[in-house]
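Read through the structure below, which is laid out as structure tokens, and then see the notes.
The values are calculated or read from the model by the stated rules, or taken from the named source; none is laboratory data. Here the structure is a predicted model, which is why all the values come from computation and not from measurement. Cβ placement follows ideal geometry from the backbone for every residue including glycine, while neighbour counts extend to all protein chains displayed.
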Amino acid sequence: MSGPWIIVSGHATPDAPNALEEGVLARCRDRGWNCLSIPHLYHMGESSDIWSTLAKRLENAVLLCWLHPRPAQWLLRRHQIAADGLTILNLSNFADADSVVSAIIDMAQDGRQPRPEAGRPAGASEPAPGTIEPLRESTHPRWYPIIDASRCVHCGHCFQFCLFGVYELDGQDIVAVRNPDQCKPGCPACSRICPQSAIMFPLHRNDPAIAGAPGQFVVLDAAARKMFYSRTRQPCPLCGQTAGSRPSAALSAGGLCAECGRPRPLKSPAAGAAPTVVPVPFDDLDDLIDRLDQQTQRRP
Ligand code: SF4
Ligand code: SF4
């Protein structure tokens, strides 16, 4: 086997090292394992040289990072790094360095990773120390969406919804995050309108589903879906309403449409028939969105 086994993606800056990371690196080295210490994966630049180094060294590695495994995996794939079979541990789940090392050893005994003892010379009772190779570069805090391509159905809603050009379509109408740094820090709006819960913001603190926690799905947000239909002017495929139309007070007693978040007509229109709605001026939210869209389009 070549290359390090343990890759630690840091959380802290070099000026403020994290005790857990340092403890893990020291214990792994003492066990004879080779380690690579890199900056926080999510904050590394798009053209960082570290991505190509990782591409060569991930085979048989354990990646320790401050992200859930799913966004970490799709982040690597975004940089054309095959992450199949890679074991990813979220350091946030561990209280101390010893429990991280125990988890790695348990996986080795389960056969899920190369045996740690392989780093020792034959017959040696104590392992020869491993190495710690730091790969440093200056990073700055970033915020952008990561798409879980196994969930994405290429509906294009995120591309149509985002006002800031973060998403683009390729020649086959496949959505991709092309301008990540145009995303607005702290905004997870498109993750709340994605019908497939395919969009993750791994540093989102309040909603584990948006952060990409294992097995979780983002609950669609009715207000955000309404914003989507207002912004794109698409007719809602479920209730048939369009921006600029709203059911009368009597009709709107049918509750909110689960798809577009608008007041739902009491009776669904017959297949192919126009919905029973009366045109009225946009409501306050529609009006605000419309003005925001116009402002954005005026930008150079
Ligand atoms: S909204 Fe979700 S499912 Fe649709 S293209 Fe975007 S990421 Fe894919
Ligand atoms: S969070 Fe907002 S700004 Fe960022 S990609 Fe989604 S819609 Fe665009």
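Total residues in region 174-189 satisfying the condition of being over 11 Å from P145 (Cβ atoms) and near ligand 1 (Cβ under 9 Å from one of its atoms): the figure is 1. Within region 130-187, the set of residues being basic (K, R) and either at positive phi or surrounded by 13 or more Cβ atoms within 10 Å (Cβ to Cβ) (or both) comprises R142, R151, R178, K184. Scanning region 178-218 for residues that are in a loop (DSSP other than H, G, I, E, B) and acidic (D, E) yields a single hit, D207.
For region 132-170, a residue qualifies if it is of a type in the set (A, V, I, L, M) and more than 11 Å from ligand 2 (Cβ to nearest atom), and the qualifying residues are I132, L135, A149, V153, L169. Going by the conditions given, is L238 aliphatic (A, V, I, L, M), away from ligand 2 (no atom under 16 Å from the Cβ), more than 18 Å from A149 (Cβ to Cβ) and assigned to a loop (DSSP other than H, G, I, E, B)? For L238, the condition - aliphatic (A, V, I, L, M), away from ligand 2 (no atom under 16 Å from the Cβ), more than 18 Å from A149 (Cβ to Cβ) and assigned to a loop (DSSP other than H, G, I, E, B) - is met. Restricted to region 125-173, and to residues there that are within 15 Å of ligand 1 (Cβ to nearest atom), part of a strand (DSSP E or B) and touching a residue at least 60 places away in the same chain (Cβ under 8 Å), the residue that is farthest from G32 (Cα to Cα) is I147.
If you take the residues of region 97-106 that are at pLDDT below 95 and surrounded by fewer than 18 Cβ atoms within 10 Å (Cβ to Cβ), which of them is nearest to the chain's Cα centre (by Cα)? This residue is A103.
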